[in-house]
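Participant: Here you go, one structure.
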Amino acid sequence: MEKKPYYITTAIAYTSGKPHIGNTYEAILADAIARFKRKEGYDVFFQTGTDEHGQKIQEKAEAAGVTPQAYVDKIAGEIKGIWDLVGTSYDKFIRTTDADHMKQVGKMFKKFYDQGDIYKGYYEGMYCTPCESFWTESQLVDGKCPDCGREVKPAKEEAYFFKMGKYADRLIEHINTHPEFIQPASRRNEMMNNFLLKGLQDLCVSRTSFTWGIPVEFDPRHVIYVWMDALSNYITGIGYDVDGNHSEQYKKYWPADLHLIGKDILRFHTIYWPIFLMALGEPLPKQVFGHPWLLQGDGKMSKSKGNVIYADDLVRLYGVDAVRYFVLHEMPFDNDGSITWELVTERFNTDLANVLGNLVSRTIAMIDKYFGGTVVKSLPANEEEPDGEFKATVTGTVAKVRAKADELRIADAISEIFTLFRRANKYIDETMPWALAKDEAKKGRLGDVLYNLAEAIQIGASLLDSFMPETCEKIFAAFGGATRSLEDCGKFALRDSVTVTAIPPLFARLDFKNLVPEIEKIRVEQAAAYAAEMEKLAPKEGAKAEVNADVGTPEEAKTPEISFDDFMKVQLRVGEIIACEAVPKSSKLLKETVKFGDEVRTIVSGIAKHYKPEEMVGKKVVFVTNLAPRKICGIESQGMILGAEDEKGNFSLIVPETDVESGTQLG
């Protein structure tokens, strides 16, 4: 019987820098869905890749002193390496600098122009370089980009525009008649109410202010704007051809079953992309799922905040499958999730070491100790309490897991599997094999109990292997078996006997205190790397910045009074200086790497005449932490150290009287 095709994609990662764990989560989630669909019997095609054009890329390449192509080659290699590291089983890794992709995008643009969907005009508005988006003044939030919250700049340039309104009614009708098209439902309502029903503005689809992009064939001063270029990867990657000479692969897999994307780019995938497809005369994808964000603590990850966590660092400390488990299990269906080093360690110990690892180790050890490594299924099967209920729980898990996975509720599916493992641990406590082993007359019962446990573990691992493949391979090897089909996961006692092989613990408990030095080293290295990056991107600000950076300068004029409310706006926190170095070409400045609880910041202070860098390390000092960041000698300073200097030049830092935790707020 021919397998039913299933085409799943991720958003392609932007090659402006190394992806953090929040970006990597999407690739892991897509992989988990793809693996489970294969297990369900689908012919799966899983595509991911990189988005490599745009102004931001060009600027970063110039700052690095390399060509844009060399820059994206390096970053695309890093992204692919991370995707491989976390075990993503993609079938195609597309790059938007691939020649076949670029050729088709150029042809699409010409087709749209020839059929009257595109016209030339000019754009004047506020432009956000990181998001590559234009905004009107009314769309800004506090004068900043409504998507990322960063600075925008006035921009005016000649551009081509796509007539979005031409297809708007048709798209509204499609969404209304296909409620599954945008998921979760809250995202569908957002797109309809905030964008479509308010009326669509024509979309800028070309740029002339930079050159790193796909040229417009008939007007080479223009390059095709990022969204038309990037979104088209979903069809060019499987052989779409504008002239109709599609590959067999395209005919087989399009329309896509699932576009898996972050909620922040939902508008582009559920409005712009469907309209482009309508203009091409191609069917729309069946579903677009906008997953929530993985936050660091309760805030977005940001290099400037010093709170970024990367997948390779996590893997080094916890292992691949522990990282996969955490991001898949801790992310709610439609609310943002949270990740911290402490939380990953806690889940590692409680769920992976205690529940799964302990179950596997105990079962193997008992089969080895009491039966020389092999237990045999009893014929006919003997049952005592609570065997019947236990077996029903185990075999009933597959239906629950399938239902959750088919709804893309992967966290809930994994919870069902771990409910099985917890039930197996409880089964050990109920049957007390160690007590049965003391009575030779109960050896048959002991064998039944251990066989039942081995079966439960085999079924649980077969359900889990889409989500934690490396761990499950170890389990199968330990129990002398292989993964079972979903159909067989609903059956108990399929093997006549089970022979076990001892293996090292799947997950040895971790002491967080032992991880702290490595975590602090990671944070310091990231802060240094970010400072170096900013140094390359920022213009030199010279001596004026040094003067502005001084602290403790005597007042030359009376300070104006402020209200109590004004004072309460100032955030004062205790920070621990974990690294410090002199600022090159400055005799006054020190660059401190400061820890505020889980957050690490870079702060530049004009105190070099009072302290050597090595004297600052380990000090806990009071800082102002809600000052707007500013560039000092090319380094972004994210706060201000507090100190006092008298008329004789005696200087003292403001320090807490007793030792308090870093991050403590004064008030």
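Participant: Taking GLN58 as the residue in question, decide whether it is touching a Pro at 6+ places or on another chain (Cβ under 7 Å) and surrounded by fewer than 22 Cβ atoms within 10 Å (Cβ to Cβ). If you could, list the steps in order and put the result at the bottom.
Facilitator: On the way: touching a Pro at 6+ places or on another chain (Cβ under 7 Å): yes; surrounded by fewer than 22 Cβ atoms within 10 Å (Cβ to Cβ): yes.
Taking the combined requirement at face value, the residue satisfies it.
Participant: Go through region 598-628 and report how many residues are within 27 Å of THR340 (Cβ to Cβ), in contact with a Ser or Thr (Cβ under 8 Å, 6 or more places away or on another chain) and surrounded by fewer than 16 Cβ atoms within 10 Å (Cβ to Cβ).
Facilitator: 0
Participant: So LEU506 passes all but one of these: (1) at pLDDT 95 or above; (2) more than 26 Å from the chain's Cα centre (by Cα). Which condition number does it fail?
Facilitator: (2)
Participant: List the residue pairs whose Cβ atoms are under 6 Å apart, where the first residue sits in region 217-237 and is closer than 12 Å to LEU277 by Cα, the second is assigned to a loop (DSSP other than H, G, I, E, B) and at pLDDT below 95, and the two are 6 or more positions apart or on different chains.
Facilitator: Nothing qualifies.
Participant: Test LYS391 against the stated conditions and say whether it is of a type outside the set (Gly, Ala, Ser), more than 35 Å from the chain's Cα centre (by Cα), buried (at least 18 other Cβ atoms within 10 Å of the Cβ) and at pLDDT 95 or above. Walk me through how you get there before you give the answer.
Facilitator: Details: of a type outside the set (Gly, Ala, Ser): yes; more than 35 Å from the chain's Cα centre (by Cα): yes; buried (at least 18 other Cβ atoms within 10 Å of the Cβ): yes; at pLDDT 95 or above: yes.
In short, yes.
Participant: Within region 444-486, take every residue that is over 28 Å from ALA27 (Cβ atoms) and small (Gly, Ala, Ser) and give me the one that is modelled with the lowest pLDDT.
Facilitator: GLY481
Participant: Filter region 424-433 for residues that are surrounded by fewer than 20 Cβ atoms within 10 Å (Cβ to Cβ) and assigned to a helix (DSSP H, G or I); which is farthest from the chain's Cα centre (by Cα)? Spell out the reasoning first.
Facilitator: Of the residues in region 424-433, the ones surrounded by fewer than 20 Cβ atoms within 10 Å (Cβ to Cβ) are 425-426, 428-430, 432.
Filter again for assigned to a helix (DSSP H, G or I), leaving 425-426, 428-430.
Values: ASN425: 32, LYS426: 35, ILE428: 38, ASP429: 39, GLU430: 41 Å.
If we take residues in region 424-433 being surrounded by fewer than 20 Cβ atoms within 10 Å (Cβ to Cβ) and assigned to a helix (DSSP H, G or I), then GLU430 is farthest from the chain's Cα centre (by Cα).
Participant: Would you confirm, using the coordinates I've provided, whether ASN245 is within 29 Å of GLN69 (Cβ to Cβ), surrounded by 22 or more Cβ atoms within 10 Å (Cβ to Cβ) and outside the structural domain of ASP406 (by TED's automatic domain parsing)? Explain how you work it out, then say what you get.
Facilitator: Details: within 29 Å of GLN69 (Cβ to Cβ): yes; surrounded by 22 or more Cβ atoms within 10 Å (Cβ to Cβ): no; outside the structural domain of ASP406 (by TED's automatic domain parsing): yes.
Judged against the criteria, ASN245 is not a match.
Participant: Go through the residues of region 339-358 one by one and say whether even a single one is more than 23 Å from the chain's Cα centre (by Cα), within 25 Å of LYS443 (Cα to Cα) and not in a loop (DSSP other than H, G, I, E, B).
Facilitator: yes
Participant: Another question, then. Only one of (1) part of a loop (DSSP other than H, G, I, E, B); (2) closer than 19 Å to VAL600 by Cβ fails for GLY649. Which number is that?
Facilitator: Among (1) part of a loop (DSSP other than H, G, I, E, B); (2) closer than 19 Å to VAL600 by Cβ, GLY649 violates only (2).
Participant: Can you tell me how many residues within region 596-628 are of a type outside the set (D, E, K, R), farther than 16 Å from ARG573 by Cα and in a loop (DSSP other than H, G, I, E, B)?
Facilitator: Summing the residues that are of a type outside the set (D, E, K, R), farther than 16 Å from ARG573 by Cα and in a loop (DSSP other than H, G, I, E, B) in region 596-628 gives 5.
Participant: So if I check each of PHE210, PHE134, PHE195, which one is assigned to a helix (DSSP H, G or I) and of a type outside the set (Gly, Ala, Ser)? Even if it seems obvious, please write down each step before you answer.
Facilitator: Working: PHE210 fails: assigned to a helix (DSSP H, G or I); PHE134 fails: assigned to a helix (DSSP H, G or I).
It is PHE195.
Participant: Might you check whether a residue that is free of Cβ contacts under 8 Å to residues at least 24 places away in the same chain, within 30 Å of MET331 (Cα to Cα) and in the same structural domain as ASP368 (by TED's automatic domain parsing) occurs anywhere in region 453-467?
Facilitator: Applying the first criterion (free of Cβ contacts under 8 Å to residues at least 24 places away in the same chain) to region 453-467 yields 461.
Filter once more, keeping what is within 30 Å of MET331 (Cα to Cα): 461.
This time we only want the ones that are in the same structural domain as ASP368 (by TED's automatic domain parsing), so: 461.
For region 453-467, residues free of Cβ contacts under 8 Å to residues at least 24 places away in the same chain, within 30 Å of MET331 (Cα to Cα) and in the same structural domain as ASP368 (by TED's automatic domain parsing): present.
Residues checked against (1) free of Cβ contacts under 8 Å to residues at least 60 places away in the same chain; (2) in contact with a Pro (Cβ under 6 Å, 6 or more places away or on another chain); (3) surrounded by fewer than 23 Cβ atoms within 10 Å (Cβ to Cβ):
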position: LYS251; (1), (2), (3): yes, no, yes
position: LEU258; (1), (2), (3): no, no, yes
position: TRP293; (1), (2), (3): no, no, yes
position: SER302; (1), (2), (3): yes, no, yes
position: ALA311; (1), (2), (3): no, no, no
position: VAL323; (1), (2), (3): no, no, no
position: VAL327; (1), (2), (3): no, no, no
position: PHE333; (1), (2), (3): no, no, yes
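Participant: Got a number for residues in region 126-161 being over 25 Å from the mean Cα position of the chain (by Cα), over 23 Å from ASP219 (Cα atoms) and charged (D, E, K, R)?
Facilitator: Qualifying residue count for the region: 3.
Participant: Got a number for residues in region 434-446 being touching a residue at least 40 places away in the same chain (Cβ under 8 Å) and either buried (at least 22 other Cβ atoms within 10 Å of the Cβ) or not in a helix (DSSP H, G or I) (or both)?
Facilitator: Number of matching residues: 2.
The values are calculated or read from the model by the stated rules, or taken from the named source; none is laboratory data. Here the structure is a predicted model, which is why all the values come from computation and not from measurement. Using ideal geometry, Cβ is built from the backbone for each residue, glycine included, and neighbour counts are taken over all protein chains shown.
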